[in-house]
Structures are given as C-alpha cells and as structure tokens.
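Engineer: Pasting a structure here, questions to come.
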Amino acid sequence: MEACQSTFQLLNEVIFRIPLDFIREGWGFDIRWYAMAYIAGLLLGWRYMLALAKRPRLWVPAEGKPKGAPFDIEDVDDLLLWATFGVIGGGRLGYVLFYQTDAIWERPLWIVTGIVEGGMSFHGGLIGVGLALWLTARARKLDLWRIADAAAVVAPIGLFFGRLANFINGELWGRAANVPWAMRFENDPLCALRHPSQLYEAALEGVLIFVVINLATWKYRALARPGLNTGLFLVVYGLSRAVLETVREPDSHMPDALQGYVTMGMLLSIPMIFAGAWLIHRALKAAPAPAPTKIIDAK
C-alpha cells in the first residue's frame, strides 16, 4: 500500500546525522526531534529552577522577610540528573505497562531497543520524576513538597516541547475530523483527515498549565504554601488530558465495550485530579510556611 502523504512535509523526525566512522559508510547516530525536545525541556527547566532558587521572596508570605530559598544550585543540579533518568526510564516503562503490556513477554528486548521508535508515557514519566524528587529530597535533606512545587512550575516547558515533537514525528494523532485545520499523518494506515491533537495538547498541557502555575507563583506567592503548585499541576493536567482524550485516537487495546468512550489516558488522569485536589485543599487550609533557611548566592 502506498504511504500516506502527510499534510506537512517540511520537517523530518531526524534533524541531522552525526557520523562516527568516515571510512565505513553508514556508521553514526541520528539526532531526532524527540530527543531534542527532551533535552530542551530538561535544560530550560533546570535554568528556570535556578532562577526560582534565586528569588527568596517567592518562598515566603507577603509579609514575611526573605532569608533564602529552600534549595540551592547543587540541589537543582542533582535533581536534573535524577529527573533525566526518571523521565526516560519512567516514560518508557509506563508506555510498556500501560499501552504495550504484551511486549513484556513477547519481545522484552524491544522495551529498551524500541525506544528509538518513540513510545513514551507521560504518566510513567510523572511517576519517574516523582521518584527522582523523592530521592533528591531524601539525599539532600530537602522539603519534598517545596522542591516538587518548583518542579511543577517548570514541567510544562518539557510537556510543550514533547507534544511538538509528537506532532513532527506524526504520532499520537487525533480522531478523524472534518474541521478546516484537520490534517493527514504519514504513519496513519487509514490516511484520514484527523485532529492535530498533539498541538491541542501542546496548548493545554504546555501553555495553559505554564500560565496558571506561573501566575499563582509570581502573583499569589503559591510557593509559600507547600504542595499548592504540585496540586495545581496535577488538577489542571488531569482535567486537560481528560478533555483532550475525546479528540485523540482511541486506544485499540481497551475492551471493546469501552473503546471510543473511555481511554487509558482518562483512567490514569482520574487519580491525578483527586490527588491534586487534596494537595490544594491541604495547602490552602494550612498557614503559609515560614521563611526557608537555605541561602544561595543570588548573583
């Protein structure tokens, strides 16, 4: 069957190739958009967390006197390393466990080797990053909710770039649609006009969450209430994802009675919403936290 011609042929998933052996042709590795999206999200998030650490006033109530941020540069550097492993390892394992369970028994090596083909789960990556936050907080004696709140501020950056990479790679497309902006994707066996749901997700999971949490952080001093930003992230993402699942292509592995109505993304987002609502209630009910004690160089 002739390959489907994508609506957009301007970008390829491979940006360029780095040769490792100029004598034996074909040796080298490809730099892909997906990899660049992860790198951009991690590095920009790292830089933004450093900026938050240099703003002690954000971490105390309006009437409080700033003494310093609850973590320093070394803490953020350590978190970057653990978060990288958490995003990649958790994202991949989550994809296999949530969407490709048969691969565990039928092709276990593909779990690792197939990562170059794509296949990452946000919810798995979230669990991986949560574990990275816990390990960093425990190893460096930090307040878990404070460092998680800072991570919630920067996480939408990675989500935005990741969804753009999904769009460029022509994966995770939407349901068939007749809207004026519907498009075809090269890997779609039906070659149907579809919702560009990856762009919808970039707008809601990336831009919307970034605006909401940063508004809470910079205008309403949300970082002075441990757990509030984390709760906001979980609730807004969970609601956004549940809504967006109605325009994404349904999961083929769901039971026939549920296909088209309930998706794995919806099921995984429900506990996020409840956990986030509990964190928001807990943070707003408690008195604003006192000024943190860790001091860093603000230069």
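The values are calculated or read from the model by the stated rules, or taken from the named source; none is laboratory data. This is a predicted model, so every value here is computed, not measured. Reconstructed Cβ throughout: ideal geometry from the backbone, glycine too, with neighbour counts over all protein chains shown.
Engineer: Can you confirm whether residue 173 is crowded, with 20+ Cβ neighbours inside 10 Å and in contact with a strand residue (DSSP E or B) (Cβ under 8 Å, 6 or more places away or on another chain)?
Structural biologist: Against the criterion (crowded, with 20+ Cβ neighbours inside 10 Å and in contact with a strand residue (DSSP E or B) (Cβ under 8 Å, 6 or more places away or on another chain)), residue 173 qualifies.
Engineer: Of the conditions (1) farther than 30 Å from residue 59 by Cβ; (2) touching a residue at least 40 places away in the same chain (Cβ under 8 Å); (3) more than 14 Å from the chain's Cα centre (by Cα), residue 149 clears all except one; give me its number.
Structural biologist: In the conditions (1) farther than 30 Å from residue 59 by Cβ; (2) touching a residue at least 40 places away in the same chain (Cβ under 8 Å); (3) more than 14 Å from the chain's Cα centre (by Cα), residue 149 misses (1) alone.
Engineer: Which one is nearest to residue 59 (Cα to Cα), of the residues in segment 182-215 that are in contact with a Lys or Arg (Cβ under 8 Å, 6 or more places away or on another chain) and in a loop (DSSP other than H, G, I, E, B)?
Structural biologist: The qualifying residue nearest to residue 59 (Cα to Cα) is 195.
Engineer: Shifting gears a bit: In segment 216-240, how many are outside any helix (DSSP H, G or I) and among the hydroxyl-bearing types (Ser, Thr, Tyr)?
Structural biologist: The qualifying residues number 1.
Engineer: In segment 176-208, what count of residues is obtained for those that are under 17 Å from residue 40 (Cβ atoms) and buried (at least 22 other Cβ atoms within 10 Å of the Cβ)?
Structural biologist: 5
Engineer: Touching a residue at least 60 places away in the same chain (Cβ under 8 Å), under 26 Å from residue 283 (Cβ atoms) and surrounded by fewer than 16 Cβ atoms within 10 Å (Cβ to Cβ), is that true of residue 70?
Structural biologist: no
Engineer: Also: Select from segment 276-295 the residues that are farther than 20 Å from residue 152 by Cβ and of a type in the set (Val, Ile, Thr) and write down the one among them that is modelled with the lowest pLDDT.
Structural biologist: Ranking the candidates gives 295 first.
Engineer: Scan 129, 112 and give me the residue that is under 18 Å from residue 84 (Cα atoms) and surrounded by 23 or more Cβ atoms within 10 Å (Cβ to Cβ).
Structural biologist: Selected residue: 129, the only one of 129, 112 that is under 18 Å from residue 84 (Cα atoms) and surrounded by 23 or more Cβ atoms within 10 Å (Cβ to Cβ).
Engineer: Going residue by residue through segment 265-275, is there one that turns out to be at pLDDT 95 or above, out of contact with any strand residue (DSSP E or B) (no Cβ under 6 Å at 6 or more places or on another chain) and buried (at least 20 other Cβ atoms within 10 Å of the Cβ)?
Structural biologist: For segment 265-275, residues at pLDDT 95 or above, out of contact with any strand residue (DSSP E or B) (no Cβ under 6 Å at 6 or more places or on another chain) and buried (at least 20 other Cβ atoms within 10 Å of the Cβ): present.
Engineer: Read through the list (1) basic (Lys, Arg); (2) modelled with pLDDT under 90; (3) out of contact with any helix residue (DSSP H, G or I) (no Cβ under 7 Å at 6 or more places or on another chain), then give the number of the only condition that residue 67 fails.
Structural biologist: So residue 67 meets the others, but not (3).
Engineer: Determine, yes or no, whether residue 179 is in contact (Cβ under 8 Å) with a residue 12 or more places away in the chain and in a loop (DSSP other than H, G, I, E, B).
Structural biologist: yes
Engineer: A further question follows. Run down 174, 170, 158, 114 and say which single residue is of a type outside the set (A, V, I, L, M, F, W, C) and under 17 Å from the mean Cα position of the chain (by Cα).
Structural biologist: After applying the criteria, what remains is 158.
Engineer: Follow-up question, since we're still on this one. Take the conditions buried (at least 16 other Cβ atoms within 10 Å of the Cβ), basic (Lys, Arg) and at pLDDT below 90 and apply them to residue 57. Does it pass?
Structural biologist: Criteria not met by residue 57.
Engineer: Tell me which residues, restricted to segment 92-134, are of a type in the set (S, T, N, Q) and within 23 Å of residue 148 (Cβ to Cβ).
Structural biologist: 121
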